[in-house]
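Following: one structure in structure tokens, then a few remarks.
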Amino acid sequence: MAAAQDRLGGNRRLHAELLLRFVAEHADGTTAVCASLRALRPAEAVAALHRLKGAARIVGAHAVAEAAARAEDDVSHGGTQSLDALHDALCDAIASISVHVAVAPAQQDAPAVLDVDRALADVAAALRTHDASAMDAIRQLRHASRHELPPEQLVTLEQHLSRFDFERAREALDEIVVARRHAGVR
């Protein structure tokens, strides 16, 4: 992370924005590659891996870039063994990014209080469409809720999302909404 930030002249806000864009655009990278392979379009899969590799290098996610390079080579030669390693590297990077961005200065510029209901709706919408922006929506939810929502429920939600388990993430979100209702909030 530090090297990528240095390449951006120390601009932490820009780096945080690039990290969020990386997550939004590439969090479902292995899913897209697998879909291309299932559709018998290996060239499309290789192109997606190549884009992921380049994007990972830009934001400083070197483990993802290396795993994407191995997967690109593997898929180019008819294999798929390296996709699990890529998926693991991508999950680790997204978890690291969510921690990094959560403490980035851009957070200080966020509104002091966001509407929790709106943030819950944004998370739900992102999860329904398997949109990678759900991680950013969860970060906003965490900021909006402050002490309103149990942190362990948010952690569970984040963990499911970091594994791209959208169904279990939706279930965790439903539990948050039910608990909120039982607490007498809406």
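Since every read-out is calculated from the coordinates, none of them should be taken as a lab result. Just so we're clear, the structure is a prediction, and the values are computed from it rather than from any experiment.
Based on C-alpha pairs under 8 angstrom that are at least 6 apart in sequence, region 2-93 has a relative contact order of 24 percent. On a C-alpha basis, how far is the centre of region 4-20 from the centre of region 55-77 in Å? Whole number, if you could? First find each Cα centre; the distance between them is then 20 Å.
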